[in-house]
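Throughout, read-outs are computed from the coordinates displayed, never taken from laboratory work. Computed from a prediction, not measured in an experiment: that's the story for all the values here. Quick reminder, even Gly has a Cβ in these numbers, built from the backbone with ideal geometry, and neighbours come from all protein chains shown.
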Amino acid sequence: MAQIPNLDNSPLNLKSLREQSQRDLVKILKDIRGKKCLVIEPKLGGTLSLIIQTSLLKEYGIELRHLSAESVETDCSKVVYLVPSQRDLMKCISSHVHDGISKGLQREYYIYFVPRREIQCERILEEEKVHHLITIGEYPLYVVPLDEDILSFELDLAYKQCQVDGDTGSLWHIAKAIHKLESTFGAIPNVRAKGKASVIVSDILDRMHTEEPMNSSDMALSEINTLILIDREVDMITPMCTQLTYEGLLDEVLRINNGSVELDSSIMGVQQEGKKMKVPLNSSDKLLKEIRDLNFEVVVQVLKQKATSMKQDYTEITSANQSVSELKDFVKKLNSLPEMTRHINLAQHLSTFTSKPSFLAKLDMEHTIIEASSYDICLEYIEEMIHKQEPLINVLRLLILFSVTNSGLPKKHFDYLRRELLHSYGFEHMATLYNLEKVGLLKKQETKSNWLTVKRALQLVVEDTDTANPNDIAYVFSGYAPLSIRLVHNAVLSGWRPMEEILKLLPGPHTETKRAGFTSSPSFATLQGGSNGLDKITDGRRSLVLVVFVGGVTFAEIAALRFLSAQEGMAYDLIIGTTKIVNGHSLVETLFDRLG
Amino acid sequence: MANVSVAAEWQLLYNRYYRKPELYPMRWKNIDLSRNKVACAPFGGPIAVIRDDSKIVQLYSESALRKLRIFTSSGVLISDTVWKNPGGRLIGMSWTEDQTLICIVQDGTVYRYNIHAEPIEPNVTLGKECFEQNVVECVFWGNGVVCLTEGGLLFCIPDFKVMRSCQLAETGAEDLPNCMAVIEPKYTVSGNVEVLVGIGDGILIVDEDGVQTVEGEVVQGPVQKMVVSWDGKYLAIFTHDGRILVTDINFKGVLLEYNCESALPPEQLAWCGLDSVLLYWDDTPLLMVGPRGDPVHYFYDEPLLLIPECDGVRILSNTSLEFLQRVPDSTVSIFKIGSTSPAALLYDALDHFDRRSAKADENLRLIQKSLPEAVEACIDAAGHEFDVSRQRTLLRAASYGQAFCSNFQRDRIQEMCKTLRVLNAVRDPEIGIPLSINQYKLLTPSVLIARLINAHRHLLALRISEYVGMNQEVVIMHWACSKITASLAIPDPALLEILLDKLKLCRGISYAAVAAHADKNGRRKLAAMLVEHEPRSSKQVPLLLSIGEEDTALMKATESGDTDLVYLVLFHIWQKKQPLEFFGMIQARPLPRDLFISYARCYKHEFLKDFFLSTGQLQEVAFLLWKESWELGKNPMASKGSPLHGPRIKLIDKAQNLFAETKEHTFESKAAEEHAKLLRIQHELEVSTKQAIFVDSSISDTIRTCIVLGNHRAAMKVKTEFKVSEKRWYWLKVFALATIRDWEALEKFSKEKRPPTGYRPFVEACVDADEKGEALKYIPKLADLRERAEAYARIGMAKEAADAASQAKDGELLGRLKLTFQQNAAASSLFDTLRDRLSFQGV
C-alpha cells in the first residue's frame, strides 16, 4: 500500500495542492539538464515521500542520496542539494564542496532551499567561501497534506525555536502557508487566535493581506470560513498525557513518522530476522479509518468481533451450499483480510505494553496529577522515578504535567527535584532544565495555580466515560477531555466572547478578527445573506473551519476533533493544520539540549 | 460627388492605387536636408539632424560648432546639444528600437543619446582594428549595426542592448565593396546577422563564421546598391547597367526588373511596403517601380529623405512629411471612381440620408445581403484614414449600415473608434507620432506607451493606458522617477506631496523603486520619506539599508515578522558597525536580539560571549563556558585520565563564579560546583581503578559503578561527598547488587536497617532479574497490601495475589488481576468468587 495518502474524500481539494508541489519539484529537476545526483536531507526526504514516489524521480536521470557528513560519491557532474533552510546543514554542504575541489572534481553544485532561501544560510556559505560556486534556488513547499483532513507545515522545531530561542521564523512560515492556502481556496473571513504565537501568526497574516491585497472577487469565493489558531503553549497538559486512542498509542509506542510506522517485521508476523518494515497508516486503509480514533480498549474488542464474524462466515462457507452472491460477499470480506491481520498484529504488539503494571501505574499517576488532589503522592512518585533512573523523558513528561498543573513547584521541591535529576542523569542536563524553565514547563511556583478553575469551568475531567459509546471527547484520554479541543470547540460554536474569563486564565492573549474586505463588500453580504448565513450549509457541503496548532498537535487531539466534527448539530467540517504531529516524547525531545 | 476628389489624388501603378497624404507641414525652420545628416526612426519616431561634416556647406548666422538636434516627425524640436565628440567624422547615425540614437564616428567609437539629447554613458568602441583602420560605412537595422572599415573588415554589434562588438569573417577581397545590405538576425536561419556585400562582380554573404558567394543568374556584374525588404524576404538590387531587380532573398527568380537608364546608382533606394520600390536621385523625379506596368514619377523641387515603414514610405522634405502607401482595398472599394461595391453604396446612402433623400433607402435595399461586409469595409477604411473628418464620415456610414444589420459584431465600431482616438491623439502635431493603423498594430500599444513615456509625454501615456485598459503602473513609475530627476529645485516635502498624489493612483505600485531612484539622484531624505509608504517590507527594508537608515530598517523588518528580513538587517549592521554599537542596537529589541543569539550560538561563540558580557547576562556566559568544558572533554587531546582535566575543571569553576554573581542562579552555581567536584573524584577513581569508565557519568551512575566493581568504600565516599539521600542510596545499591546478582549481599543490605524506601526496591530488583525465590523473601514485607498483591501477580502466584487483594478490599484491583490471569481458567474463577464476596461486603 502506498504511503502517499489518498485524498479523494477531503473536504478541500488538497490533491491539487499536492499536485502543485509535485509539479514544482519535477520542474526544478527537469530544468537542471542532464544526469544529476540529488542529495536530500533525510527528514525532508521523509516529508517528500508524502508527495511523490521516489521511484518517479529516477525517471529524470537522478541518483538519489541522503545528506550526511560523508562526502557525496557520484559520477554525475551535477550535484543538487535539496535541503530545508537550516544553518547546521550549510557547514556540511560546504565541506562537501571543499572536498570535491580538493579531489579536483569538476562539478556543478546547486542548492534548493525548502521552502525558501534564507540569508542566514547563505551567509554561512559565504563565510565558508563556497557561495559563489553554488547555484541557489527555492522549492516553495510550505504545506504537506498528511491525510484527508490534516495539513502539516513540517516544522519539527517550531515549538522549541519560538519558545526557547525566540526565533519566530516558523510563525512567518505558518502565515505564509495559510496565505498560500488562501490564494487557492479564497481568503478566510474569520480568524480567531489564542496564545502568543497564534496572535503573531494572525498579525503576520494580516500584514500579508495588506502587502499583497487579494482581489475582491477572491474574497467571495472563500471555501474556508474560519481559521482558528491555537498556540501549543496554551495547553501543554494534553501532550504530556499518554494518548489512549489506537493511533495515538501507536505513536506513543512506535512513533508514527510521515504517516507510517517502522517496526520489526516479526511483529507483523513476517519471519525475517531483524528486518525492519514500514507500515503505512492513513485513511486509504479503510479499517484504520474506522478504528484509528477509538479508545484502544475498544479497538481490541472491535477487532475481536470482526475476526469472530469472519471465522463464522468461513465455517458457513465450508459447511453449507452457498449462493453465488453470498460467496461474492464473502470474498469481498476476504479482501479486508490483510488489513485485519495488520491491525491485529499491531494491536497485539501494543497490548504487550498496555498490560504492564508500570503502564497502568503511569496512567493512574497522570490522572492523579490532572485531578490535582494529592500533591504529595505525585511528588513521591516522581521522586522515585528519578531514583530508579527511569528514562529521563518519561520522568520529564510527568514532571512537566505536575509543574504546569500547579503553575510551578514550590522553590524547595523545584530545587530538590532538579538536583536529584542532575545527580541521577548527569550535569549535562542542566541546559535542558534551563530550557524547560525558560519555556515555563518546569519552574518555580510564583502564583497560585488556576488549573482547578479551568478544569472545572471547561469540564476537563469527565467521570464515567463510556469508551465504547463515547458522548464526550474525554474518551480519548479515558476521562480527561483535552483542554485545547475544548477551546476549539467553543471557538467554533460561539467565538471567544462568552469564555473570555477563562481565556484570561490561560497563557497568552487572544484575538478575534473579521476581515475588513468582507464586512465592507456589499456583494458578499448579499451573497451570504448576512453573517448568520455563514453557518448555513450550502449545496450540501458544510462550511469549513481550519484549526491550526502552532507548535504541534497529537493524534489524540485529532481524534477528538474528528469526533466533534462527526457530532450531530456540528455545522462545520474541520481541517487540521499543524507545525508537526507531536507527542509528549517528541515535544520534550526538542527541548533537550545536552551541554555535552 | 465627394468621392471623386478622394480618388483624384491617387496614382495608378499597374492595377494598384497609391496615395501620399501629407502628414505634417514641417514646423521646423531653416532645416535643409541636403546640408545635414538626418536619422529618422521608423514608426513615426523622432528625427535627428546634424550638419553633415562630409560636405562643404556654407555657414549662415550660426556657430561653427555643430549641433545635434532632435525633432518629432512633425518638426517640433525636442532637444538639442552641441556635438563635441572626438573621433573624427560622423559616419553613421540611426535610431534603435528603443529610440536611442546611435552615432558612430570614424575611429569606431559609438556615442549614444537618448531622445532628450543626453549622452548615455559609457561610450563603446568597436575595437582596435576600427580605431586603426577608420570606419567608412555603417548599415543599421532595428537593433544592430554592421560597420565597414577602410581595410575592408566588417564589424558588427548584433544587439544594442548588449553593446558588444564582434568581427565578421574576412571577405578576402582587395577592393572595398560597392554596397552592403543586412539581413536581420531574426530572419536568418543561423540566428546571426548576415551581410550581403556587393563586391567586384558579385555578391558575398558574410556572417561571423564564414563567407559565401552567391551563385545564380540574377547577379551578373557589379551591384551598385541593395536593400532588403522589412520582412527580410526580398532583396532590391540596382545593377551596374542601370537596372533595378527584385529577387527572393535566396536569389531564386526575378520578381521585378526595370531599366532605369541611369548609370549612376540612386542615392536612396527604399521599399514601399512590400509592393513597390522607390528610387531617388537628387536631380530627377522620385521613381516608383512596381512588378508590372509603367513606373510612377513624383515631382519634387526639394531634397527628400525616404523613411521606409512596414506599410509604405514616409517622404520627408524640408517643408513637409508625406506618407506614400498603397491605397487599402477597403478604401479603393469605397472611393474608386465609379465603384458600385456595397461599401461604396453604403457610403453613398449616408450621403443621401444626410441630405434627406429617399435614395438612401434605395441604396440600402440594393446591398441588403452584403450589408455586413459593406459595414466592415467602412470601418476598415476609416482606420486607414489620417483625416479626422473622413474617419468620422466613414464610421458614420458604418454605424448607419449597422443599424440595418441583424447579426453584426457590434463592438467592431467601438473598437475602431478606440483605436482611432489613440492614433489621432498621438498624431497631433505637438506629439508628432504619425502612426498608421498597421504600424500601430505591429508596434503594439505597450511599446507606444513606452515611447511616449520616454519622450516625457506622461499624461498622454497615462490617458492612453487607462483608455486601452492597460496597467498604469509603468507610466506612473516612470513619471515619478523623471519628476525626481527633473525637480532638483523642489524641496523634499513638497516633492513628496506631488509624488504621493500621483503614486496613489495605482494600487500595488512599488514605492521602494521610486525611493531607490530618489536615492540614486542624491535625495536620500526624500527616499526615506517615500520608502515609508512602501507596504511590502521585503522591498522596503533593503532600500532602507541602502540609504543608511539601519534603525528604521531593523524596526520595519521586525514588524514584518519575516525573520529572513531581520537577518538581512542584522548582517548588514553587524558588518558595518563596531561591536558595541551593534550590541546597543539589538539589545533592546527582542526578535533581532534572539535571532542574533541563535545564529551566533552555532557560529560565533566568542562574539556571543562578548555580547552577553556587554549586556551583563553573566549566566549566559557561564552556560557557554560550561558547554565549552564538554567540548574540551570531547577533544582527543584531553583524553580521559590525563592531567588535561585541569582546563576543563577550570572552565567549570569559571562558570560557577559567574553564576554566583547573580543570586537568581545559586542553583546553577551549586550545580557547577558539584560538577567540578564530581569530575575531580571521577578522575581520582579512574587513576585508582585504572579504568576509564567514570568521567562524564552521573553521580548515581558513579555510585552504581563503584558498587558493581565491589568498591563499597568509594561508593560510600561519593554518597557522603554529595549528600545523596538515603532513599536514592537504597535504590542505587539494590539495583547495583542485583546487576551483579549478589543476592547474599542484597539480603544482608535489607537487614542493615529498616529501608527508608520500604522493601519495594528489593522486590522490583528481584522480579526484574526473574529471581522468584529471592523476591519471595521481600514480598511479604511489603507494607501496602495492593503492592503485595501486584507483586505476587507479577511472579505468577495467583492465589497469594488474590488473597492480598481481597485483604485490601480492592475490587478494581481484583478485576485487573483477573485480566492478567486470563489464560488461567482456575485462577480466573478464583478472582471472580473473591470479587463477588467483596461486593457483598460492600452492600
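Couple of notes before you dig in:
- Qualifying trypsin sites (Lys or Arg not before Pro) in region B:231-312, where qualification requires a DSSP coil assignment and no more than 13 other C-beta atoms within 10 Å, comprise B:K233, B:K252, B:R292.
- Rounded to the nearest 10 degrees, the inclination of helix B:445-454 to the longest alpha-carbon principal axis of chain B is 90 degrees.
- Antiparallel %, DSSP beta bridges [both residues in region B:6-102], to 5: 100
- Region B:314-416 - percent relative contact order, Cα under 8 Å, separation 6 or more: 23
- Measuring against 31 Å, Cα to Cα, the residue pairs B:K37/B:K233; B:K748/B:K799; B:K37/B:K161; B:K723/B:K781; A:K180/B:K577; B:K609/B:K677 contain A:K180/B:K577 as the ones spanning a longer distance.
- A simple count of charges around A:E63, restricted to other residues whose Cβ falls under 11 Å of its Cβ and scoring Lys, Arg +1 and Asp, Glu -1, yields +3.
- Region A:39-115, relative contact order in percent, only Cα pairs under 8 angstrom and at least six apart counted: 38
- Between the Cα long axis of helix B:743-752 and the first principal axis of chain B there is an angle of about 70°, rounded to the nearest 10.
- The ranking of B:D32, A:D464, A:D31 by Cβ neighbour count inside 10 Å, starting from the fewest, reads A:D464, A:D31, B:D32.
- Cβ-derived FRET efficiency at R0 45 Å, B:S63 paired with B:N424, nearest 0.05: 0.70
- Pair-distance profile P(r), taking every C-alpha pair of chain A, with 10 angstrom steps and integer %: 3, 15, 24, 25, 20, 10, 3, 0, 0
- Filtered GluC sites (Glu not before Pro), region A:399-455: DSSP coil and at most 16 other beta carbons within 10 Å: A:E446
- Exposure proxy order (Cβ contacts within 10 Å, fewest to most) of A:D156, B:D492: B:D492, A:D156
- Region A:290-308 and region B:570-587 have Cα centres lying 61 Å from one another.
- Coil-residue GluC sites (Glu not before Pro) of region B:118-169, DSSP, other Cβ within 10 Å capped at 14: B:E150
- Among A:H413, A:H510, a tally of other beta-carbon atoms within 10 Å of each Cβ gives an order, fewest to most, of A:H413, A:H510.
- Cβ-based net charge around B:N657, under 13 Å, with every Lys or Arg adding one and every Asp or Glu removing one: -1
- Stretched out straight at 0.36 nm per residue, the stretch from B:K369 to B:Y14 would grow longer than its current Cα-Cα span by 124.6 nm.
- Stretching B:F299 away from B:L255 to a fully extended chain increases their span by 13.2 nm, per 0.36 nm per residue minus the current alpha-carbon distance.
- The aspartates and glutamates within cross-link reach of A:K27, meaning a Cα-to-Cα straight distance under 14 Å and a gap of 8 or more places when in the same chain, are A:E19, A:E59, A:E138.
- C-alpha long axis of helix B:785-794 to longest principal axis of chain B, angle in °: 70
- Eligible aspartates and glutamates near A:K504 by straight Cα distance, threshold 15 Å, same-chain separation 8 or greater: A:D231, A:E233, A:D235, A:E512
- Each DSSP beta bridge with both residues in the protein assembly as shown is either parallel or antiparallel, and the antiparallel ones are about 70%.
- When both region A:324-371 and region A:1-46 are represented by their alpha-carbon centers, they are found 32 Å apart.
- Each other residue within a Cβ distance under 11 Å of A:E512 adds +1 if Lys or Arg and -1 if Asp or Glu, for a net charge of +3.
- Of B:K20/B:K336; A:K356/A:K455; B:K627/B:K690, those spanning more than 19 Å from alpha-carbon to alpha-carbon: A:K356/A:K455; B:K627/B:K690
- The calculated FRET efficiency for B:T125 paired with B:L176, based on their beta-carbon distance and R0 = 25 Å, is about 0.70.
- Averaging the sequence gap over all C-alpha pairs within less than 8 Å and six or more residues apart, then dividing by the number of residues, gives chain A a relative contact order of 18 percent.
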